[in-house]
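Student: Let me give you the structure first, and then I'll get to my questions.
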Amino acid sequence: MAQEYKHILVPVDGSKEAELAFKKAVAVAKRNGADTELRLLHVVDTRAFQNISSFDTSMVEQVTETAKKTLDKYIDYAKERGVENASYSIEYGAPKTIIARDMPKEMGADLIMIGATGLNAVERILIGSVTEFVTRTAICDVLVVRTDLDNKPIENPKKRRF
């Protein structure tokens, strides 16, 4: 008996890794049937704005508008490929807990498909990786996407090995 996932959550942040996770999630959703829910999630990290002295709500609104445009394109992509039950949410707060716990609980997610981190080793030590946190603490299964659509390793020329 094959495992079927019916409520798939895909966090997207504009990175190439997140886009690949999304595209693979579309394929998984399609294979699992028409009643499979594909939910995209973009989290606006409001903590990033706390230290800006000239902070105003227009900054958050601008980030939100940019995210909506990207998410609308992603939804169109999913629907063009036969995934009708696709939607998105934009949330505000700490990405790690929203992705790992809050949204999966709210939507009843049974799978999170997330892109591999784009951070190098030093950045991971200093700030931590959202992907790493999600894989350790999520309340459902997590699939970390590390390959492109042809299942070849993602080439990232900016990544340095230490």
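The values are calculated or read from the model by the stated rules, or taken from the named source; none is laboratory data. Fair warning: this is a prediction, and the values are worked out from it, not measured in the lab. Heads up, the Cβs are rebuilt from the backbone with ideal geometry, glycines too, and the neighbour counts pull from every protein chain shown. To get the accessible areas, we keep the full protein, side chains included, count just its heavy atoms, and leave off ligands, DNA and RNA. Shrake-Rupley method; radii C 1.70, N 1.55, O 1.52, S 1.80 Å.
Student: Given the structure, is residue 20 of a type in the set (A, V, I, L, M, F, W, C), modelled with pLDDT under 95, under 26 Å from residue 143 (Cα atoms) and surrounded by 12 or more Cβ atoms within 10 Å (Cβ to Cβ)?
Tutor: Against the criterion (of a type in the set (A, V, I, L, M, F, W, C), modelled with pLDDT under 95, under 26 Å from residue 143 (Cα atoms) and surrounded by 12 or more Cβ atoms within 10 Å (Cβ to Cβ)), residue 20 qualifies.
Student: Being farther than 23 Å from residue 9 by Cα, touching a Phe, Trp or Tyr at 6+ places or on another chain (Cβ under 6 Å), at pLDDT below 70 and surrounded by fewer than 17 Cβ atoms within 10 Å (Cβ to Cβ): is that true of residue 162 here?
Tutor: Answer is no for this residue.
Student: Same structure, new question: List every residue pair whose Cβ atoms lie under 7 Å apart, where the two residues are 6 or more positions apart in sequence or sit on different chains, the first residue falls within the stretch 78-90 and is in contact (Cβ under 8 Å) with a residue 12 or more places away in the chain, and the second residue, located anywhere, is of a type outside the set (A, V, I, L, M) and open to solvent by less than 20 Å² (accessible area, probe 1.4 Å).
Tutor: These pairs meet every condition: 85/36; 90/64.
Student: Could you list, ordered by first residue, the pairs with Cβ atoms under 8 Å in which the first is in the stretch 45-64 and among the acidic types (Asp, Glu) and the second is at pLDDT 75 or above, at least 6 apart or interchain?
Tutor: Pairs that qualify, where the first residue is among the acidic types (Asp, Glu) and the partner is at pLDDT 75 or above, are 45/93; 45/94; 45/95.
Student: A further question on this structure: Is there a residue being farther than 26 Å from residue 146 by Cβ and in a loop (DSSP other than H, G, I, E, B) anywhere in the stretch 55-71?
Tutor: Yes, because at least one residue in the stretch 55-71 is farther than 26 Å from residue 146 by Cβ and in a loop (DSSP other than H, G, I, E, B).
Student: Then there's this: With the checklist (1) without any contact (Cβ under 8 Å) to a residue 60 or more places away in the chain; (2) open to solvent by 30 Å² or more (accessible area, probe 1.4 Å); (3) part of a loop (DSSP other than H, G, I, E, B); (4) in contact with a helix residue (DSSP H, G or I) (Cβ under 9 Å, 6 or more places away or on another chain) in hand, flag the one item residue 97 doesn't pass.
Tutor: (3)
Student: Could I ask something else about it? Which of the residues that make up the stretch 81-94 are within 17 Å of residue 60 (Cβ to Cβ) and out of contact with any His (no Cβ under 9 Å at 6 or more places or on another chain)?
Tutor: Correct list: 92, 93, 94.
Student: In the stretch 86-96, what residues are at pLDDT 95 or above and of a type in the set (Ser, Thr, Tyr)?
Tutor: Listed by number, the residues that qualify are 87, 88, 89.
Student: Residues in the stretch 117-131: is at least one touching a Ser or Thr at 6+ places or on another chain (Cβ under 9 Å), at pLDDT 95 or above and open to solvent by 40 Å² or more (accessible area, probe 1.4 Å)?
Tutor: no
Student: If you check 31, 39, which single one turns out to be under 24 Å from residue 64 (Cα atoms), open to solvent by 30 Å² or more (accessible area, probe 1.4 Å) and out of contact with any His (no Cβ under 6 Å at 6 or more places or on another chain)?
Tutor: 39
Student: Follow-up question, since we're still on this one. Test residue 78 against the stated conditions and say whether it is modelled with pLDDT of 95 or more and either over 27 Å from residue 32 (Cα atoms) or touching a helix residue (DSSP H, G or I) at 6+ places or on another chain (Cβ under 7 Å) (or both).
Tutor: Yes, satisfied.
Student: Listed residues 145, 134, 83; which is at pLDDT 95 or above, buried (at least 16 other Cβ atoms within 10 Å of the Cβ) and among the β-branched types (Val, Ile, Thr)?
Tutor: Exactly one of 145, 134, 83 is at pLDDT 95 or above, buried (at least 16 other Cβ atoms within 10 Å of the Cβ) and among the β-branched types (Val, Ile, Thr), namely 83.
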